[in-house]
Structures are given as structure tokens and as C-alpha cells.
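Remarks on the structure that follows.
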Amino acid sequence: METRKLQEVGGGTFTVSIPKGWATNHGFEVGMELHLYTHRDGSILIRSTDADLSCLDDATVDVDGGGTDAVKRAVRTAHAIGFETITLRRVGTFSDAERKAARSTVRDLIGTNILSESDAEITIRHLLDTSSVSVRQSIVQLQYVVVSLLRDATEAFVDAANARPSIRDRADEARRSAEMVSRHFSRSLVSHAELDALDVSRPDLFTYYAIACHLETVSDQAVRIARTGEKVSEPPADTAATDVCSVADDVACAVDDAVTAVLESDTENVHQARDRCDDAIDGIATVENRLYDGSMSGEIPAAVALSTTLCHLRRTAECGLSIADVAARSAIRADNIDG
């Protein structure tokens, strides 16, 4: 690292010299107009172009072959990267089914719409202003949806009820929130302006992204629990149902505590969340032992379904531990760097 002294020239302007070798290697020449970007973290970025503002403006994606699945993947992938305008292009003409697939995928993305369509192109635009987005609030909403979804899915399992529509709708809501957080994180990797618009630091945004990924996994496990309940012909025995509801509630509380610990960057909350996750995993193990030693009565299909559900709950509790790890890192950083 080199250091330079800040100097004042006529008119009250401050200057800092740039090493000649660095300027030459990057194509900087005397008289060239440079773009300076100031950021909320106190840094100044110097570029020879306005790339930070325009690098994510447009993307063109060729989708020849693959049918409707290729169209859906192209829309979701380009949107997740963070492009504002996405043009799907193919040789020939898009089929009616492919156009329908593009429209349904766009409707499932927050703040996105189709601008225009032609025989060989479909243009999609993200309309949501980044400065109006609160990533932290998105995590709070995701936390609420996922924790309640886990409890609802467990109730559907113990009742052997078909709760697919409501469970699916809540899971889709969770996925959309997680995808939005992932999109902004991806944009921040190439654009400092994104961080300024979000009014969040890069470490905090990475933390939110990590939590969103874990909560999306919890949502997926909840859906699997509900689907398991649909496959059995009758509810589990009362004792088994009570045990499952009990451990599921412990897991839900553990995940909830872990996310809260991240949001509050509190070391004491981190320890509490980790203890609740460990207790939940111990509770799952206790129920599994009773199931395997024959203490729980019931038909074989019901026993298999119960074992599968306990596995999903264990995976969820492990996500809670991972979130607690994120919380611990966030708290230590806050105590030793941010403060």
C-alpha cells in the first residue's frame, strides 16, 4: 500500500497524486475525464467510465432450445444477477407456451414486468427502485413467514391434512423475499451504487444474504413436512403427534431466536439461540429413539412418515445453528470493528 498527501491548489481544490505506473497500466492519460464515486462507507472510487451506473442496465439472453424450462431459467437467472432490463432472444419465433412461461415467471418476481414482445424477442424490466427497498425489513418479514410456515406444515402433518394450497402460497412468498435479497446482494458485488441506494454496508448485506439462504432452506423443509403428511392415509398416533408438535415448536423457536440474534447483533442472544437449537436436536433424537425401539405404536407407513418428518426437522434445526453462527460473526464484528 502506498500513501499520498492531500494537497490544496488554487480555488480551494484538494488533489491527490496517482502513481504513474498504476495510471499507465490502467490506461489513464493526461487530460482524460475521470468519474469519481463517493460512497457511504467513506471511500472514493475512480473510474475512466461510468460502468458503476450502467454495468447492470441490460442483458440479452439467447434461449434457443430447451422450451419453456429454458425460458424460465433464463428469466430467473438474469434477474438474480441483478440486470434491470432482460431481453430474451431466439432464432425463429417464441411459441405460445414459451411466452406463457415467460409471463408466469415474471409475475412471480417482485417488481418486474414485461415491457414488449415480438416474434423473436421478449423484453422484461425490473421496475422497483432500489432506494425504496429495506433488506433488513425483508429479512424480518421472511423470518415471520418461515417460522409460521414451519408450524403450519407440522400441524398439517399431524392432521394428515391436505394443506398444499396454503403451504405452497406461504412458501412462494418466502422464496420471493429470499430471491429479492439475493438479487440485491448479487448487484452489490459489481456496483458500489447499489450499496448506497440500499443504505447498508457490504458486511451487513452479506449477513442478510446468508440468512435469506438458510431461511429459504427452512421453508423448503417445511414444504417437505407438509407433503409427507399428505402421503399417509391417517394421522399419527396421539403420542407421536404430541411429540412431533413439541419438537417442531422448539425448532421454530430456535430458528426465530437465531434470526433475532443476527438482527440485534447481541452475543447473549447468540448463546441463547444456539442452546435452543441444541435442545431441539436433542429432543428430535429422543423421539427418534422411541420410534426405533418400538415404544410408539402405529403402522409401518406412519412410522416411515414420522421418521422422514423428524429428519426434516433436524435439518431445520441445523439451519438454526448455521444462522446462530452468522449471528456470532456479526456480533463479534460489531464489537470489534463497527464500534
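Values quoted throughout were computed directly from the atomic coordinates according to the rules given, and no laboratory measurement underlies them. Being a predicted model, the structure only gives us computed values, none of them experimental. Note that each Cβ is placed from the backbone with ideal geometry, even for glycine, and that neighbours are counted across all protein chains shown.
List of remarks:
- Dipole magnitude for the stretch 58-126: about 240 debye, using +1 per Lys or Arg Cβ and -1 per Asp or Glu Cβ, origin at the Cα centre.
- Amide H within-cut-off set for T112, under 5 Å, with H built and near neighbours excluded: L127
- Remark: the stretch 259-265, residue by residue, has Karplus-estimated 3J(HN,Hα) of 5, 4, 4, 5, 5, 9, 6 Hz, where x stands for each Gly or Pro and the curve is 6.51 cos²θ - 1.76 cosθ + 1.60 at θ = phi - 60°.
- Near D278, once Lys and Arg are set to +1 and Asp and Glu to -1 for all other residues with Cβ below 14 Å from its Cβ, the sum equals -4.
- The lysines whose alpha-carbon is closer than 30 Å to the alpha-carbon of K5, local same-chain residues fewer than 8 away aside, are K20.
- Each peptide among 207-219, 35-47, 223-235 gets the average number of other Cβ atoms lying within 10 Å of its residues, and from highest to lowest they stand as 207-219, 223-235, 35-47.
- Mean ellipticity per residue at 222 nm, deg cm²/dmol - from DSSP H runs of n ≥ 4 across the chain, formula -39500 (n - 2.57): -21000 deg cm²/dmol
- With Cα atoms, 0 to 90° folded angle of helix 67-81 axis to the chain main axis: 60 degrees
- Ratio Rg/Rh, restricted to the stretch 58-126 and using Cα atoms, in which Rh is the Kirkwood radius: 0.90
- Residue-count net charge about A254 - beta-carbon cut-off 9 Å; Lys, Arg +1, Asp, Glu -1: -4
- For the chain, built as a Gaussian network whose Cα springs stay under 10 Å, the top-fluctuating residue of N269, N289, N25: N25
- Cα lying deepest toward the dipole's positive end in the chain, options G31, G82, P235, charges on Cβ: G31
- The value obtained for the chain, namely the Cα convex hull volume divided by the number of residues, is 191 Å³ per residue.
- The amide H of D58, built 1.01 Å from its N in the peptide plane, has E84, T85 as neighbours under 5 Å, considering only residues 5 or more places off or on other chains.
- Segment L115-E8, length gained on full extension (0.36 nm per residue, minus Cα span): 33.5 nm
- At R0 = 30 Å, FRET efficiency that the Cβ-Cβ distance of D169 and I44 yields, to 0.05: 0.05
- Near I124, the amide H atoms lying under 5 Å from its own belong to I86, T87, L88, L115; only residues 5 or more places off or on other chains count, and H is placed 1.01 Å from N.
- Kirkwood Rh in Å, taken over all unlike Cα pairs in the stretch 160-233: 13.8 Å
- Hz values of 3J(HN,Hα) by residue in the stretch 35-40 - Karplus curve (6.51, -1.76, 1.60), Gly and Pro given as x: 9, 10, 10, 9, 10, 5
- The antiparallel fraction among DSSP beta bridges confined to the chain stands at about 75%.
- Sorted largest first, the spans of the alpha carbon positions of the stretch 164-284 along the three principal axes are 56, 36, 15 Å.
- In this calculation the C-beta distance from V30 to D58 is compared with R0 = 35 Å, giving a FRET efficiency of 0.60.
- With θ taken as phi - 60° and the Karplus curve 6.51 cos²θ - 1.76 cosθ + 1.60 applied, the whole-hertz 3J(HN,Hα) list for the stretch 217-224 is 5, 4, 4, 5, 5, 5, 4, 5 Hz, x standing for glycine and proline.
- Sequence-distant lysines (8 or more away, or on other chains) whose Cα lies within less than 17 Å of K100: K72
- Pairwise FRET efficiency - D279 versus D159, Cβ, R0 = 35 Å, nearest 0.05: 0.85
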